[in-house]
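One structure is given below, encoded as structure tokens.
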């Protein structure tokens, strides 16, 4: 009977775990829908910013600006490269954190001078354990991305690029291709490239256009806002990928728990059947013994 009691306790324990994994699946599903909705609501504005930057570049072919400065006076090995690595604040999301951290390490190993900014507790703990220097004031959570947080991050890296402390800036995050496939991605933030704003299908516009007060001043205003939108999109996509990975992991855990309960229930029924059979055998044996004595 002790075996049956242990099996019952295991069934109860696994059932509780299954409730938790199922709840986490539902929470991640809800978070994913909300994140996608926020991104959809802001996309038109930032697409318009990108289009306006393209318009300026189209009409000013010789235009030069600090945000497009390629720092050609520096040797590649002497450049300071900044990396923003977007991880999660918690685990239970399959290989989500592992994959993005692996890509970050591979890219950082290519350069002598690097500056690391980390979004998310998992990444901060990981690099701290490896004694990798992290920007101590760059403390941003990965949960529920906001435009305010994106603006703060954008202002930090934009300022460092303007002051020429950083020569190039990249963000490493997880891109969600579809509900089944996600992959770590590296996106260049600074310096901007003209090619990033070209539209192959758009016809050449030969009209004379005047920008007031000047193309430089207009670009000074547009790029920081564009960068805010770009980083917000990255944060939302990374957060969506995290939720999707956690949904997959929790779905698998719930399925495994359900199968384990079925197996334990089968073991319990077999043990119970064996116990009943044993009791019947003992009763029959006792009855036969009494009959023989009489």
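Does residue 219 satisfy being more than 22 Å from residue 92 (Cβ to Cβ), buried (at least 22 other Cβ atoms within 10 Å of the Cβ), touching a helix residue (DSSP H, G or I) at 6+ places or on another chain (Cβ under 9 Å) and modelled with pLDDT under 90?
yes
Matching residues to (1) surrounded by 14 or more Cβ atoms within 10 Å (Cβ to Cβ); (2) touching a strand residue (DSSP E or B) at 6+ places or on another chain (Cβ under 9 Å):
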site	(1), (2)
36	yes, no
58	yes, no
69	yes, yes
72	no, no
75	no, no
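Put simply, of 266, 230 the only residue that is at pLDDT 85 or above and either crowded, with 16+ Cβ neighbours inside 10 Å or outside any helix (DSSP H, G or I) (or both) is 230.
Annotation note: of 20, 84, the sole residue that is out of contact with any strand residue (DSSP E or B) (no Cβ under 6 Å at 6 or more places or on another chain) and either buried (at least 16 other Cβ atoms within 10 Å of the Cβ) or assigned to a helix (DSSP H, G or I) (or both) is 20. The residues of region 88-99 that are free of Cβ contacts under 8 Å to residues at least 60 places away in the same chain and either in a loop (DSSP other than H, G, I, E, B) or under 18 Å from residue 169 (Cβ atoms) (or both), listed by number, are 89, 90, 91. For region 113-158, which residues satisfy the criterion of being buried (at least 22 other Cβ atoms within 10 Å of the Cβ) and modelled with pLDDT under 90? Within region 113-158, 142, 145 meet the criteria. Counting only residues that are assigned to a loop (DSSP other than H, G, I, E, B), over 17 Å from the mean Cα position of the chain (by Cα) and more than 17 Å from residue 224 (Cβ to Cβ), region 166-192 holds 1 of them. Residue count for region 100-120, restricted to those that are closer than 13 Å to residue 238 by Cβ and either in contact with a helix residue (DSSP H, G or I) (Cβ under 6 Å, 6 or more places away or on another chain) or without any contact (Cβ under 8 Å) to a residue 40 or more places away in the chain (or both): 3.
The values are calculated or read from the model by the stated rules, or taken from the named source; none is laboratory data. The model shown is predicted, which means the values in this text are computed figures rather than measured ones. FYI the Cβ positions are ideal-geometry reconstructions off the backbone, even for glycines, and counts take in every protein chain you see.
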